[in-house]
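Participant: Got a structure for you, questions after.
The values are calculated or read from the model by the stated rules, or taken from the named source; none is laboratory data. As the structure is a computational prediction, the values presented were derived from the model and not from experiment. Virtual Cβ from ideal backbone geometry, glycine too; neighbours counted across all protein chains shown. Quick note on the areas: whole protein, heavy atoms, side chains included, nothing else; ligands and nucleic acids left out. Shrake-Rupley method; radii C 1.70, N 1.55, O 1.52, S 1.80 Å.
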Amino acid sequence: MRKTPLLVILLVLLLLPLIVRNVNFQHVMLMTIIFAGLGEAWNIITGFAGQTSFGHAAFFGIGAYTSTVLFYKFGISPWLGMMLGAVFAGIIAFLVSYPCFRLKGHYFAVATLAVAEIIKQLFVSWDYVEGATGISIPVVPDSLWAMQFHGSKMPYILIAYGLFILTLFVSISIEHNKMGYYLKAIRESHEAAEALGIDTAKYKLLAMIVSSMLTAIFGTLYAQYILYIDPFMVFGLETSMKIVLLTVLGGLGNIYGPIVGAAILIPLSEYTRTYLGGTGKGIDLMIYGVLIMVIVIFEPRGVLGLLRIRKRRRIEYGKTVA
């Protein structure tokens with residue numbers, strides 16, 4: 001993988017919110033970085049291993065609720081809550097995925113969707129975490145320890161950027177490691193991978209645990225940024241679908257895919273919400289649905305696939321002219 005384009009993208013992501021001081025723009029950048037990170041985490045289990053999960057909002061919610069409950073009830077720092085949330089998400093991923101991995105193809109995807117919905121309903125009915133009412137996180141003075149910054153969004157952006165770099169590092173390390181090659185072999189042919197002696201259950205499980213833990217840490221940041229969570233907000237199907245769609249749009253199984261997808265979807269979603277009010281009347285999802293249909297019909301490898309085709313044609317045209 002060539003490092004220069006990635007370094008340029010990372011530099012742009014870091015400098016843009018520093019240069020453009022508009023609060024709304026900084027909010028959009030923050031959400032873009034968070035969802036790019038979520039897409040990278042999801043890409044590990046689905047893009048590399050080929051196991052489609054429609055239930056990653058469950059891990060996002062577990063991360064959000066773990067840190068929030070610890071801070072709300074015991075005054076424990078969200079940083080510790082973030083680590084514990086990642087551990088809990090990894091344990092839940094292990095317990096849920098082990099039986100689910102016996103299912104293949106669409107059945108596995110449906111099972112993950114069902115598990116996420118079950119977890120959401122459990123939190124809706126759970127009085128200890130305030131059920132459907134949700135939890136308003138106590139507001140305290142600006143503090144890195146409490147992960148609360150009321151005067152500027154830049155600290156949140158820098159934390160999100162750090163978490164995104166961590167997720168990217170893990171993702172790239174897996175992709176270029178033995179585990180990444182095994183996962184891609186499983187994605188291409190489960191039976192062939194087993195015939196080669198790859199322990200498919202072990203590597204799929206590892207990928208799911210890593211993916212869920214990385215997803216959970218963004219849940220903590222999101223909760224501390226919004227300062228309010230309820231089960232419908234953090235466990236909602238919309239969150240899972242947004243992660244799935246932006247990665248597919250950008251390019252599944254590619255490090256750049258979630259970044260490109262998030263850069264298209266999140267500003268679209270946030271600005272339609274800003275200018276049209278409420279949930280943006282769903283216009284962002286309609287536009288996004290059209291984009292997905294176009295991509296799936298003409299180039300299933302996403303925007304990156306389209307760019308590769310265009311580049312190849314340009315090279316072939318250059319050779320013809322020469």
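Here's the yes/no breakdown for (1) farther than 28 Å from A160 by Cβ; (2) hydrophobic (A, V, I, L, M, F, W, C):
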site	(1), (2)
A58	no, yes
T66	no, no
K73	no, no
F94	no, yes
Y98	yes, no
F101	yes, yes
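Participant: While we're looking at this one, here's another question. Would you tally the residues in region 153-176 being open to solvent by 40 Å² or more (accessible area, probe 1.4 Å), over 15 Å from A41 (Cα atoms) and in contact with a helix residue (DSSP H, G or I) (Cβ under 8 Å, 6 or more places away or on another chain)?
Facilitator: The qualifying residues number 1.
Participant: Would you be able to tell me the number of residues in region 195-224 that are open to solvent by less than 30 Å² (accessible area, probe 1.4 Å) and of a type outside the set (S, T, N, Q)?
Facilitator: The number of residues fulfilling the criteria is 13.
Participant: Right, something else. Would you mention how many residues in region 70-91 are of a type in the set (A, V, I, L, M, F, W, C) and out of contact with any helix residue (DSSP H, G or I) (no Cβ under 6 Å at 6 or more places or on another chain)?
Facilitator: Counting residues in region 70-91 that are of a type in the set (A, V, I, L, M, F, W, C) and out of contact with any helix residue (DSSP H, G or I) (no Cβ under 6 Å at 6 or more places or on another chain) gives 6.
Participant: Identify all residues within region 272-309 that are loosely packed, with under 10 Cβ neighbours inside 10 Å and either of a type in the set (K, R) or modelled with pLDDT under 70 (or both); write none if there are none.
Facilitator: Of everything in region 272-309, those that are loosely packed, with under 10 Cβ neighbours inside 10 Å and either of a type in the set (K, R) or modelled with pLDDT under 70 (or both) turn out to be G277, G278.
Participant: Cβ-Cβ distance below 8 Å, separation of 6 or more or different chains: which pairs start in region 238-252 with a residue that is over 19 Å from G305 (Cβ atoms) and assigned to a helix (DSSP H, G or I) and end on one that is modelled with pLDDT of 85 or more and open to solvent by 10 Å² or more (accessible area, probe 1.4 Å)?
Facilitator: Once the first residue is over 19 Å from G305 (Cβ atoms) and assigned to a helix (DSSP H, G or I) and sits in region 238-252, its partners that are modelled with pLDDT of 85 or more and open to solvent by 10 Å² or more (accessible area, probe 1.4 Å) give S240/F54; S240/L113; M241/F54; K242/F35; I243/F35.
Participant: Sticking with this structure for a sec: Got a sec? Which of Y182, Y161, Y107 is modelled with pLDDT under 90, of a type in the set (F, W, Y) and part of a helix (DSSP H, G or I)?
Facilitator: Result: Y107 is the single residue among Y182, Y161, Y107 that is modelled with pLDDT under 90, of a type in the set (F, W, Y) and part of a helix (DSSP H, G or I).
Participant: Within the bounds of region 192-203, is there any residue that is assigned to a helix (DSSP H, G or I), touching an Asp or Glu at 6+ places or on another chain (Cβ under 7 Å), polar (S, T, N, Q) and under 18 Å from I255 (Cβ atoms)?
Facilitator: Checked region 192-203: no residue is assigned to a helix (DSSP H, G or I), touching an Asp or Glu at 6+ places or on another chain (Cβ under 7 Å), polar (S, T, N, Q) and under 18 Å from I255 (Cβ atoms).
Participant: I'd like the residue in region 33-62 that is outside any helix (DSSP H, G or I) and open to solvent by 10 Å² or more (accessible area, probe 1.4 Å) and, out of all such residues, is farthest from T215 (Cα to Cα).
Facilitator: Once the filter is applied, the top-ranked residue is G50.
Participant: Inspect all residues belonging to region 147-155 and state whether any of them is at negative phi, in a helix (DSSP H, G or I) and at pLDDT 90 or above.
Facilitator: Looking for residues that are at negative phi, in a helix (DSSP H, G or I) and at pLDDT 90 or above, one finds at least one in region 147-155, hence yes.
Participant: Which one of these is of a type outside the set (D, E, K, R), farther than 30 Å from I198 by Cα and open to solvent by 50 Å² or more (accessible area, probe 1.4 Å): L11, L6, L30, L113?
Facilitator: Just one listed residue meets the conditions, L11.
Participant: What is the number of the single condition among (1) aliphatic (A, V, I, L, M); (2) touching a Pro at 6+ places or on another chain (Cβ under 9 Å); (3) surrounded by fewer than 11 Cβ atoms within 10 Å (Cβ to Cβ) that L122 does not meet?
Facilitator: Checking L122 against (1) aliphatic (A, V, I, L, M); (2) touching a Pro at 6+ places or on another chain (Cβ under 9 Å); (3) surrounded by fewer than 11 Cβ atoms within 10 Å (Cβ to Cβ), the one that fails is (3).
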